[in-house]
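Report on the structure given below.
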Amino acid sequence: MTGRVTLVGGGPGAADLLTVRAVRALADADVVLVDRLAPHEELAALAPRAEIVDVGKTPGHHAVPQHEIEAMLVRYAASGAHVVRLKGGDPYVLGRGGEEVLACRAAGIPVEVVPGVSSAIAVPASAGIPVTHRDVSRLFTVVSGHAPLGDDELAHLAGLGGTIVVLMGVGTLPSLAAGLTRHGLPAEHPVAVVERGFGPEQRTTVGTLADIVATAARARVVSPAVVVIGEVVRLAHDGETAASETMARAAAMPVIA
Ligand SMILES: C[S@@+](CC[C@H](N)C(=O)[O-])C[C@H]1O[C@@H](n2cnc3c(N)ncnc32)[C@H](O)[C@@H]1O
């Protein structure tokens with residue numbers, strides 16, 4: 001008897017940001033394949049019958065390669081299991097969810113997708129930053145900073161207006177800030193880097209396109225973090241005063257390994 005796969009968006013890491021449908025899928029799971037940034041807290045209680053397999057990735061070191069994760073999904077489901085693939089955020093936002101669905105379909109495994117709360121929206125919100133705001137920004141673009149953007153992409157991004165949200169962008173922040181400035185965004189354009197959203201070590205570092213690289217380096221900003229570029233950053237907490245206070249706090253904070 002063939003089982004099935006449910007690809008579940010686990011949200012940005014807090015168990016209480018799982019959807020009701022996600023919780024139901026976990027309760028019914030025989031096997032859970034869980035990512036590094038998906039909620040691990042309370043997983044044993046949420047999926048009491050399941051074997052839990054951590055396929056989490058750390059930057060630069062793929063604990064389980066993507067093709068092997070896909071093979072595992074197919075293998076477990078082919079043996080009759082209900083497999084929950086618990087991913088961080090939303091499975092289809094820079095999360096390779098599409099590839100996993102295609103692998104299941106190709107193997108004839110029934111697959112369902114449960115959307116999740118994406119860090120692209122939720123992590124800025126947790127720092128008091130709305131990605132859109134009337135009369136400030138009426139669009140937001142979510143972009144991967146995993147690899148540096150090409151010059152054409154930077155030109156398009158700078159020309160779009162609105163808010164730019166970058167995932168996996170800590171390493172490429174220098175080329176992004178320089179590229180957006182080169183293509184016309186003002187040097188004083190606000191930038192926030194929100195690290196470890198919803199965790200006890202969450203912090204926000206605020207600057208401008210001109211100084212964010214130095215400020216982030218001083219604060220020893222690390223992944224996972226969401227970078228927000230745009231006027232909406234000024235709305236963080238109570239506006240600019242609070243934002244610069246946040247920046248000062250970040251610079252003074254101890255190193256987070
Ligand atoms: C591979 S992408 C997956 C994104 C995911 N599918 C989503 O919708 O949120 C991983 C990146 O999401 C961001 N991210 C996810 N959870 C985060 C969190 N709790 N705090 C800060 N950034 C987070 C970071 O930029 C991280 O490098």
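Our analysis of the stretch 4-117 gives Rg over Rh at 0.92, with the two radii drawn from alpha carbon positions and Rh computed by the Kirkwood formula. Take the chain with all the other protein chains still there, run a 1.4 Å probe, and you get 47 Å² of accessible area per residue. For the stretch 222-232, putting each phi into the Karplus relation 6.51 cos²θ - 1.76 cosθ + 1.60 with θ = phi - 60° gives couplings of 10, 6, x, 8, 10, 9, 10, 10, x, 4, 4 Hz, in residue order, rounded to whole numbers and with x for Gly and Pro.
Here the scattering of the chain is modelled by Debye summation over its C-alpha atoms, one equal scatterer each and no solvent; at q = 0.09, 0.12, 0.13, 0.15 Å⁻¹ the log10 of I(q)/I(0) is -0.43, -0.73, -0.83, -1.02. Sorting the segments 87-95, 209-217, 146-154 by their mean number of nearby beta carbons within 10 angstrom, highest to lowest, gives 87-95, 209-217, 146-154. By DSSP, the beta bridges lying fully in the chain are antiparallel in about 45 percent of cases. Taking only protein heavy atoms and a 1.4 Å probe, the accessible area of the chain is 57% carbon and sulfur.
The values are calculated or read from the model by the stated rules, or taken from the named source; none is laboratory data. Every value quoted in this text rests on a predicted model; they were computed, and no experiment measured them. Cβ coordinates were reconstructed from backbone atoms using ideal geometry, including for glycine residues, and neighbour counts include every protein chain displayed. For the accessible areas, the whole protein counts, side chains as well, though only heavy atoms, and no ligand, DNA or RNA atoms are used. Shrake-Rupley method; radii C 1.70, N 1.55, O 1.52, S 1.80 Å.
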